[in-house]
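The values are calculated or read from the model by the stated rules, or taken from the named source; none is laboratory data. Remember, predicted model here, so these are calculated numbers, not experimental data. Here Cβ is always computed from backbone atoms with ideal geometry, including for glycine, and neighbour counts include all displayed protein chains. The accessibility values were calculated without ligands, DNA or RNA, using every heavy atom of the protein model including side chains. Shrake-Rupley method; radii C 1.70, N 1.55, O 1.52, S 1.80 Å.
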Amino acid sequence: MDETQISVLLPVRDAAPFLAGCMASLDRQTLQEFEVIAVDDGSTDGSSEALDEWAARDSRVRVIHREPEGLVATLNAGLELCRSPFVARMDADDVSHPRRFELQMREMNELPWVGVVSSFVRHFPWHAVGEGFRVYEQWLNSLMTPELIARDRFVESPVAHPSVLVRREVFQMAGGYEDTEGPEDFDLWLRLIEAGVCFSKIDRYLYFWREHVERLTRVDGRYSVENFHRCKAKYLLSGPLAESRRVVIWGAGQTGRRLSKHLIRGGAPVEAFVDIDPAKVGGTLRERPIIDGAALPGLVEPGTVVLAAVSSRGARELIREQLAKMGLRETRDFWCVA
């Protein structure tokens with residue numbers, strides 16, 4: 001095990017119907033110098049026995065059985081046992097491409113300044129994937145460079161959590177996962193990028209995300225829209241808005257309304273909202289005026305940050321274009337947050 005390059009962090013909770021596919025995809029890896037830290041979070045469906053059988057025939061597999069404590073505690077318990085310089089995340093209901101570890105390790109070796117390497121992802125079975133996840137997958141796979149990942153980090157989670165290979169020292173620097181009762185992966189990415197960690201993404205489909213009705217993002221309240229807004233607000237306040245004198249939110253709809261609640265509670269100097277709906281312009285939201293786009297230049301001065309918070313299809317690019325025409329620079333004067 002001293003020659004192990006990668007520790008695979010595999011949390012398991014009642015994944016019996018899918019576990020065999022996950023294990024087979026690890027067995028097929030072209031890079032075989034890895035260990036598996038499988039942390040069983042109190043499974044009752046036969047997953048525990050399947051993991052023990054796997055460990056009995058493969059000395060690289062270590063199984064830890066625990067009373068159910070939830071995903072964050074399970075991940076952190078597994079992290080403490082990872083002995084390799086790189087940690088690969090994997091979920092028990094998913095499948096990795098045979099060359100995933102090989103190509104991700106190549107990227108790490110060629111780019112020593114990169115701390116997190118992901119890849120393109122594909123949901124399956126495709127007929128079960130809803131429109132929302134299809135749109136998210138398309139956007140996720142469009143973030144092909146470190147700059148795009150950092151730029152769009154407040155839109156949504158910019159990398160798929162179980163697809164990543166992370167330098168163990170990065171996890172150690174971050175102190176592992178934080179239990180914020182929200183999306184633990186999104187919180188970690190925002191924390192790491194704020195700390196200056198560089199993310200990379202391989203432009204190949206190396207991870208396959210299984211869609212099913214029991215998927216955590218569907219059934220666990222920590223992944224609610226409200227919790228994502230709370231997480232965004234936390235890191236906007238500590239990052240791009242920390243020195244702002246004025247905040248203008250473009251979007252007086254549901255997204256702008258939800259996000260602004262957390263920003264204002266956190267002390268952000270939100271002064272106005274922008275909207276194109278004539279029925280809203282001239283009114284107020286959270287006791288701030290709603291103006292049209294033509295009035296925005298009058299509010300923009302040094303220290304002003306504009307947040308584009310419209311989630312309608314295509315709105316992000318249109319707002320980007322208009323703000324750029326005003327001479328505003330993205331990641332300095334404005335950020336897309338939806």
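Return a yes/no flag: does the stretch 255-265 have any residue that is among the hydroxyl-bearing types (Ser, Thr, Tyr) and either more than 16 Å from the chain's Cα centre (by Cα) or farther than 30 Å from GLY298 by Cα (or both).
Yes.
When ARG316 is evaluated against the numbered criteria (1) over 20 Å from VAL155 (Cα atoms); (2) in contact with a Cys (Cβ under 7 Å, 6 or more places away or on another chain), which criterion, by number, is the only one it fails?
Answer for ARG316: the failing condition is (1).
In the list VAL63, VAL36, which residue meets the criterion of being in contact with a strand residue (DSSP E or B) (Cβ under 6 Å, 6 or more places away or on another chain), open to solvent by 20 Å² or more (accessible area, probe 1.4 Å) and either assigned to a strand (DSSP E or B) or at pLDDT below 95 (or both)? Step through it out loud before you land on a result.
Numbers: VAL36 fails: open to solvent by 20 Å² or more (accessible area, probe 1.4 Å).
Testing whether each residue is in contact with a strand residue (DSSP E or B) (Cβ under 6 Å, 6 or more places away or on another chain), open to solvent by 20 Å² or more (accessible area, probe 1.4 Å) and either assigned to a strand (DSSP E or B) or at pLDDT below 95 (or both) leaves just VAL63.
Determine whether the stretch 154-165 contains at least one residue that is surrounded by 19 or more Cβ atoms within 10 Å (Cβ to Cβ) and over 14 Å from the mean Cα position of the chain (by Cα).
No - not one qualifying residue is present in the stretch 154-165.
Name the residues in the stretch 182-220 that are touching a residue at least 60 places away in the same chain (Cβ under 8 Å) and basic (Lys, Arg), would you?
Residues satisfying the conditions are LYS201, ARG204, ARG210, ARG215.
Quick check on GLN138: is it open to solvent by 50 Å² or more (accessible area, probe 1.4 Å) and either of a type in the set (Val, Ile, Thr) or closer than 28 Å to SER84 by Cβ (or both)?
For GLN138, the condition - open to solvent by 50 Å² or more (accessible area, probe 1.4 Å) and either of a type in the set (Val, Ile, Thr) or closer than 28 Å to SER84 by Cβ (or both) - is not met.
Counting only residues that are among the basic types (Lys, Arg), give me the strands (runs of 3 or more DSSP E) lying completely in the stretch 240-309 with at least 1 of them. If you could, list the steps in order and put the result at the bottom.
Details: elements: 246-250, 270-274, 288-291, 304-308.
Output list reads 246-250, 288-291.
Hey, ASP203 hits all of (1) farther than 27 Å from VAL114 by Cβ; (2) assigned to a strand (DSSP E or B); (3) open to solvent by 20 Å² or more (accessible area, probe 1.4 Å) but one; which does it fall short on?
(1) is the only condition that ASP203 fails.
Which condition number in (1) assigned to a helix (DSSP H, G or I); (2) surrounded by fewer than 19 Cβ atoms within 10 Å (Cβ to Cβ) is the one that PRO98 fails?
Exception for PRO98: condition (1).
Quick check on this structure: which one of VAL129, VAL170 is among the hydrophobic types (A, V, I, L, M, F, W, C), over 15 Å from the mean Cα position of the chain (by Cα), surrounded by 14 or more Cβ atoms within 10 Å (Cβ to Cβ) and under 22 Å from ARG222 (Cβ atoms)?
Details: VAL170 fails: under 22 Å from ARG222 (Cβ atoms).
After ruling out the rest, the residue left standing is VAL129.
Determine the pairs where a residue that is in a loop (DSSP other than H, G, I, E, B), located within the stretch 156-178, has a partner that is open to solvent by 10 Å² or more (accessible area, probe 1.4 Å) and of a type in the set (Asp, Glu) with Cβ atoms under 7 Å apart, the partner being 6 or more residues away or on another chain.
Within 7 Å, the pairs are SER157/ASP185.
Could you run through the stretch 310-335 and say how many residues are open to solvent by less than 50 Å² (accessible area, probe 1.4 Å) and either β-branched (Val, Ile, Thr) or part of a helix (DSSP H, G or I) (or both)?
5
Only residues that are open to solvent by 60 Å² or more (accessible area, probe 1.4 Å) and hydrophobic (A, V, I, L, M, F, W, C): list them for the stretch 245-286, please.
ILE276, ALA279
Can SER43 be described as open to solvent by less than 10 Å² (accessible area, probe 1.4 Å) and free of Cβ contacts under 8 Å to residues at least 60 places away in the same chain?
No: the conditions fail for SER43.
Please tell me if THR180 is surrounded by fewer than 17 Cβ atoms within 10 Å (Cβ to Cβ), farther than 30 Å from PRO125 by Cα, touching a helix residue (DSSP H, G or I) at 6+ places or on another chain (Cβ under 6 Å) and not acidic (Asp, Glu).
Yes: the conditions hold for THR180.
Determine which member of the set LEU143, LEU111 is at pLDDT 95 or above, surrounded by fewer than 16 Cβ atoms within 10 Å (Cβ to Cβ) and not aromatic (Phe, Trp, Tyr). So that I can check it myself, show each step before the final result.
Numbers: LEU143 fails: surrounded by fewer than 16 Cβ atoms within 10 Å (Cβ to Cβ).
Just a single option satisfies the conditions, and that option is LEU111.
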